[in-house]
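Step one of this worksheet: look at the structure below.
The values are calculated or read from the model by the stated rules, or taken from the named source; none is laboratory data. Fair warning: this is a prediction, and the values are worked out from it, not measured in the lab. Here Cβ is always computed from backbone atoms with ideal geometry, including for glycine, and neighbour counts include all displayed protein chains. Just so you know, the surface numbers come from the protein's heavy atoms only, side chains and all, with ligands and any DNA or RNA stripped out. Shrake-Rupley method; radii C 1.70, N 1.55, O 1.52, S 1.80 Å.
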Amino acid sequence: YSFGSNKIKIGNNIHFLEKGQYFSLFTGDNVPEFDVNAKLFLVVRLGYKCQNTMGWVEKQGRLSYIDGCTDSLLIYPPRMGDPSLNLLHFPHGIEQTRHLHPSIRIGCVIDGEGWSDVWDNGQVISNKLSTGVNFCLEENELHRFRTEDSSMTVIAWHPDGDWGPTDHNHTMLNRTYIKK
């Protein structure tokens, strides 16, 4: 995610990003080069061949999420089990139900502010979140997000998932009818 105008160089290719853009770029064996003043939320997964994708985030998600929150899938997993990038929107006055995920989550607040509550041995630890703050939720870490007077929008990276196309289940194949 780009917090301002940034330039990324990968091998001989140069990509220009505007504020509010999300992106997925395959680097191969090349190390991406950034301006020293670049303001990006960047997740690098070694050995993963992503699809090159760029787009702009929306104000809120298109899909329902728990307790009145919304989300959108920004970067789809090219194959079932691959990583995804999501936009999560928390309206003001949200106190999410405590929950957990079976794998790590890495995120960044891109707009607004709120709180992340995590539980450690029955004790709640509250972390203030505001625009530009990154966070990491460990696998199976009991947590919730909450907002007060402001909404909060987050970009979240999920390393795996139980959704995505396979060689035997994808949109092109599912709508192909063989006539004999």
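Residues in the range 47-58: is at least one closer than 30 Å to GLU95 by Cβ, touching a strand residue (DSSP E or B) at 6+ places or on another chain (Cβ under 9 Å), open to solvent by 50 Å² or more (accessible area, probe 1.4 Å) and among the charged types (D, E, K, R)? There is at least one residue in the range 47-58 that is closer than 30 Å to GLU95 by Cβ, touching a strand residue (DSSP E or B) at 6+ places or on another chain (Cβ under 9 Å), open to solvent by 50 Å² or more (accessible area, probe 1.4 Å) and among the charged types (D, E, K, R). Is one or more of the residues making up the range 124-134 at pLDDT below 95, surrounded by fewer than 16 Cβ atoms within 10 Å (Cβ to Cβ) and farther than 18 Å from GLN21 by Cα? Within the range 124-134 (the criterion being at pLDDT below 95, surrounded by fewer than 16 Cβ atoms within 10 Å (Cβ to Cβ) and farther than 18 Å from GLN21 by Cα), the answer is no, since none of the residues qualifies.
The requirement of being open to solvent by less than 70 Å² (accessible area, probe 1.4 Å), among the acidic types (Asp, Glu) and in contact (Cβ under 8 Å) with a residue 12 or more places away in the chain is fulfilled somewhere in the range 138-153, by at least one residue.
Scanning the range 40-68 for residues that are more than 24 Å from THR97 (Cβ to Cβ) and either among the polar types (S, T, N, Q) or touching a helix residue (DSSP H, G or I) at 6+ places or on another chain (Cβ under 7 Å) (or both) turns up GLN51, ASN52, THR53. Of the residues making up the range 155-176, those that are farther than 14 Å from PRO102 by Cβ, assigned to a loop (DSSP other than H, G, I, E, B) and either basic (Lys, Arg) or open to solvent by 80 Å² or more (accessible area, probe 1.4 Å) (or both) are ASP167, HIS168, ARG175.
Taking the range 82-115 as the range and being open to solvent by less than 30 Å² (accessible area, probe 1.4 Å) and assigned to a loop (DSSP other than H, G, I, E, B) as the test, the residues that pass are PRO83, ILE94, GLN96, SER103. Taking the range 140-154 as the range and being among the charged types (D, E, K, R) and either in a strand (DSSP E or B) or touching a Leu at 6+ places or on another chain (Cβ under 8 Å) (or both) as the test, the residues that pass are GLU141, ARG144, ARG146.
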